[in-house]
Amino acid sequence: SSCDAFTGLGVILCGGFGKPQRGKEMAKVAELILAKPGMKRMTSRSVFVCEGLISHWTKPLRETLEPLLEAYKVGLECGDGQSAGICQSLHVTHSFYCGLPLEGNFAAEIVAPVVGLQNDAKTVESSTVVQTQQDLDIHVIYLLGSKRLRGKEVLPEEQNFDDILEVANKTGNQTLCGYIYAGHMELKVIFGEWEDATNIAIKAGDVRAALVATYTSIRFTFLRALIYIKAAQSQPTGTNELLGRMICSADRYKWKRKALKEMKLIQKWVRRGNVNLVHSLHLLEAELAVLDGNASRKAEESYKSAIAIASKNGFLQDQALSHELASLYFEGRGDDSRRDHHMEHAIQCYSAWGAMAKVAQLNTRRASQTEMDR
């Protein structure tokens, strides 16, 4: 249909050619077509493309949630279970990434569709059931992440990341592999398990072709950049007394070069209007300044900007992460006052998000710091 043609072109413009403003124009044309009488049956399919693959490049991620949820309901009403399932999967991933509280509404939204779609699958053709199973697996990925963050036990009979990855590899489902790696990397970053995060990033490779134009592909880019910077920071350095300057190991340079490649993409997306990555770019710039041993002013200003913009745009988990990394930075500089200030705010943000396992981790670290300060 003409709707499919315009939305398909929009996806290519956003994810392929890096022209999100042109992609947005194509989505607007599709919306005008949908407004015509008799087009309700196309709503769910068009909305999952517009809101899941186009809109997030230029508008706040939270603004995609209501349209995706409404399109999910319309898809079920019209018998389009496949599109409804994709809308709900996108709603789940966007809810997680935009920082909605893990407790309460988010947990309910992530569990209810799993039950609902299992029933819906019985009423749709076999080709749709395959797609629906992928949607279910994506829900499970974010449910696993939510449970670990909240400190809830994953039961032995429940699937884990490795179980889903094994199935995805056996079936050659690269899209599902991409969601698994992105979700697993997210957890490793949040819990500061940087060596594990690096290993997963290496194993994953570049899965963005399978996640084309999704917000998950953008998040994957940010995670890779941050992980690579942390890998570079972990490498040894020395000082050449003759030259009077710091020298870096080959590995440190290798990881920095990888990080800069990812940051270049993010900088381009921000220049072209991606409002969801501004705070992430500031955080990467702060960590890069720490890596380079730059004057403290650059790092401090970048941390401050990352925190302020994440707070303004509602990215609660990224606000928490920025506070935590800022706390570690000030600890390294021996500034106990600002270390404690940012640690306290990190705990508050993670607590508001519902990540109580992370709060427990930071409380343990804070108790250890207090003991050492005595």
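The values are calculated or read from the model by the stated rules, or taken from the named source; none is laboratory data. Quick caveat, the model's predicted, so the values are computed rather than measured. Please note: Cβ atoms are built from the backbone with ideal geometry, for glycine as well, and neighbour counts cover all protein chains shown. Please note that ligands, DNA and RNA were not included when accessible areas were found on the heavy atoms of the full protein model with its side chains. Shrake-Rupley method; radii C 1.70, N 1.55, O 1.52, S 1.80 Å.
What do you reckon, is F161 surrounded by 15 or more Cβ atoms within 10 Å (Cβ to Cβ), aromatic (F, W, Y), over 30 Å from T43 (Cα atoms) and modelled with pLDDT under 90?
Yes, satisfied.
Restricting to the range 164-183, name every residue that is of a type outside the set (D, E), open to solvent by 30 Å² or more (accessible area, probe 1.4 Å) and either without any contact (Cβ under 8 Å) to a residue 24 or more places away in the chain or in contact with a His (Cβ under 7 Å, 6 or more places away or on another chain) (or both).
N169, K170, T171, G172
Condition first: over 23 Å from E153 (Cβ atoms), of a type outside the set (G, A, S) and surrounded by fewer than 22 Cβ atoms within 10 Å (Cβ to Cβ). Now tell me which residues in the range 343-372 satisfy that.
Answer for the range 343-372, where residues must be over 23 Å from E153 (Cβ atoms), of a type outside the set (G, A, S) and surrounded by fewer than 22 Cβ atoms within 10 Å (Cβ to Cβ): E344, H345, Q348, R366, Q369, T370, E371, M372.
In the range 270-296, what residues are in contact with a helix residue (DSSP H, G or I) (Cβ under 9 Å, 6 or more places away or on another chain), open to solvent by 50 Å² or more (accessible area, probe 1.4 Å), assigned to a helix (DSSP H, G or I) and among the charged types (D, E, K, R)?
Answer for the range 270-296, where residues must be in contact with a helix residue (DSSP H, G or I) (Cβ under 9 Å, 6 or more places away or on another chain), open to solvent by 50 Å² or more (accessible area, probe 1.4 Å), assigned to a helix (DSSP H, G or I) and among the charged types (D, E, K, R): just D292.
Let's see how each residue does on (1) closer than 16 Å to V189 by Cβ; (2) of a type in the set (D, E); (3) at pLDDT 95 or above:
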position: R297; (1), (2), (3): no, no, no
position: S305; (1), (2), (3): no, no, yes
position: D318; (1), (2), (3): yes, yes, yes
position: H323; (1), (2), (3): yes, no, yes
position: E331; (1), (2), (3): no, yes, no
position: A367; (1), (2), (3): no, no, no
position: R374; (1), (2), (3): no, no, no
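Looking at the range 25-44, can you tell me whether even one residue there is open to solvent by 30 Å² or more (accessible area, probe 1.4 Å) and within 25 Å of the chain's Cα centre (by Cα)?
no
Considering only residues that are closer than 18 Å to R208 by Cα and crowded, with 18+ Cβ neighbours inside 10 Å, which ones fall in the range 1-24?
G10, V11, L13, C14, G15, P20 - these are the residues of the range 1-24 that are closer than 18 Å to R208 by Cα and crowded, with 18+ Cβ neighbours inside 10 Å.
When residues of the range 297-318 are filtered for being open to solvent by 10 Å² or more (accessible area, probe 1.4 Å) and assigned to a helix (DSSP H, G or I), how many remain?
13
Take the range 77-88 and flag every residue that is open to solvent by 10 Å² or more (accessible area, probe 1.4 Å) and within 22 Å of the chain's Cα centre (by Cα).
I86
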